[in-house]
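Peer 1: This structure is in C-alpha cells; I'll ask about it shortly.
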Amino acid sequence: MSDNTDIVDLFRKIGIRASRDAIEAWLTHAAKTKASPIEVAEQLCTLEQREREARNLTRRAKMATLGTPKSLDRFDWNHPRSIDRELYEQLHGSLDFVRRAENVLLRGQAGVAKTTLAQNLGLRALERGFTVRFCTLPSALADLLKQESIPATERRLRRYTSPDLLILDELGYVPCDSRAADLLFHIVSRRHETKSIVITTNLAFKQWGSVFHDASCLGALVDRFAQHCHVLDIDADSWRHKDAIKRSKNRKPKSDD
C-alpha cells in the first residue's frame, strides 16, 4: 500500500483529481488482472473523466440552486383538467429548446405545479451537461436592484445572462417598478435567440402590464420572449388545496373525555 500511496501522491502532483480510494482500488485491480500498459492508461483516463464529470455536475448543481423538487415519476398527470403532457415530455426528453435557444412559459393558477415542472426541466438540463440557474423573478430583480453602481449591476447581470438555461419562477405575484422591468428586459434581450429562458406565471401575456406598471419596455420584452416560445397552459385546482382537504379528511376527530 505504501507503493500505491507514493503513486497516488505523484498523480496528485500532475493534476489527477480522482479520489485516493478510487485510485488505490484501480491500481489493485490493474495489478490483479495484469493489465497491459495501454489498458492501464485507458482505465486511468476513464477514472479521471468520471471524477471530473462528477465534480463538474456538483459545481453546476450548486450554481443552479434548483433545490430538491418532486420527481416527475411522482407527478399525477391525471390531476390537471388540461395540460399538454406530450409537449412537456418532448421538451423534457430532448431539450431541443435549450439547444435552439427557445423559451418556455408554464402558465396556470397558483399551486398547479408550475415550479415543479420548471425545476425538472432544469434538472434534466444539468444531467445533459448544460449550465442552469433557477430563482424566483422577485428575488432576481431584488438582487440586481441592490447593486450600488452600473458596473456592479453589469457584473451581477452575468449571473442571469450566462447560464444555458435560466428559470425565472413566480412572475405575477409581486408588482415591479419600471426600473425592475428594465432589468428584466436587459436579461431577456441579451438572451434573445442565444440562450433559453423558462418563466412560470399565472398571467397571460396581455396581463403582464399589471405587474410592470408604466414600463415602456414591456412591449419589447414580451415580443422578444414570446417570439420563440413554447406555451404550456395548466388548468387544474391547487395541489396544496387538494392535499389540505385530504389531510383534513384523514385527521381523526378527538374523542370526548
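The values are calculated or read from the model by the stated rules, or taken from the named source; none is laboratory data. If you're wondering where the values come from, they're calculated on a predicted model, not measured in any experiment. Neighbour counts are summed over all protein chains in view; Cβ atoms, including those assigned to glycine, are modelled from backbone coordinates with ideal geometry. Side chains are part of the model used for accessible areas, which takes the heavy atoms of the whole protein and leaves out ligands, DNA and RNA. Shrake-Rupley method; radii C 1.70, N 1.55, O 1.52, S 1.80 Å.
Peer 1: Those residues that are assigned to a loop (DSSP other than H, G, I, E, B) and buried (at least 19 other Cβ atoms within 10 Å of the Cβ), I need them from region 99-120; list them, please.
Peer 2: Of everything in region 99-120, those that are assigned to a loop (DSSP other than H, G, I, E, B) and buried (at least 19 other Cβ atoms within 10 Å of the Cβ) turn out to be 108, 112, 113.
Peer 1: While we're on this one: Give the residue that is nearest to residue 127 (Cα to Cα), with candidates limited to residues of region 76-91 that are open to solvent by 60 Å² or more (accessible area, probe 1.4 Å) and in a loop (DSSP other than H, G, I, E, B).
Peer 2: Among those residues, the one meeting the criterion is 84.
Peer 1: Let me ask something else about it. Given the criterion under 32 Å from the mean Cα position of the chain (by Cα), acidic (Asp, Glu), surrounded by fewer than 16 Cβ atoms within 10 Å (Cβ to Cβ) and within 25 Å of residue 226 (Cβ to Cβ), identify the matching residue among 73, 96.
Peer 2: Every option except 96 fails the conditions.
Peer 1: Right, another one. Which numbered condition trips up residue 144, out of (1) closer than 25 Å to residue 70 by Cα; (2) open to solvent by less than 10 Å² (accessible area, probe 1.4 Å)?
Peer 2: Tallying (1) closer than 25 Å to residue 70 by Cα; (2) open to solvent by less than 10 Å² (accessible area, probe 1.4 Å), residue 144 fails exactly one: (1).
Peer 1: Under the condition of being open to solvent by less than 60 Å² (accessible area, probe 1.4 Å) and of a type in the set (A, V, I, L, M, F, W, C), which residue from region 44-62 is farthest from residue 123 (Cα to Cα)?
Peer 2: For region 44-62, the residue satisfying everything is 44.
Peer 1: I've got another one for you. Output the number of the condition that residue 41 fails; it satisfies all remaining conditions of (1) open to solvent by 70 Å² or more (accessible area, probe 1.4 Å); (2) at pLDDT 85 or above; (3) among the small types (Gly, Ala, Ser).
Peer 2: (1)
Peer 1: Of the residues in region 1-21, how many are assigned to a helix (DSSP H, G or I) and either of a type in the set (Phe, Trp, Tyr) or touching a helix residue (DSSP H, G or I) at 6+ places or on another chain (Cβ under 6 Å) (or both)?
Peer 2: Count: 4.
Peer 1: OK, next. Out of region 21-38, which residues are under 18 Å from residue 6 (Cβ atoms), open to solvent by less than 40 Å² (accessible area, probe 1.4 Å) and not aromatic (Phe, Trp, Tyr)?
Peer 2: Hits for region 21-38 are 22, 23, 24, 27, 30.
Peer 1: When both residues are 6+ apart or on different chains and their Cβ atoms are under 8 Å apart, which pairs have a first residue that lies in region 131-152 and is among the aliphatic types (A, V, I, L, M), and a second that is buried (at least 17 other Cβ atoms within 10 Å of the Cβ) and part of a loop (DSSP other than H, G, I, E, B)?
Peer 2: What qualifies is 132/66; 132/163; 132/164.
Peer 1: Going by the structure shown, is residue 14 open to solvent by 60 Å² or more (accessible area, probe 1.4 Å), among the aliphatic types (A, V, I, L, M) and at pLDDT 90 or above?
Peer 2: When the stated conditions are applied, residue 14 does not pass them.
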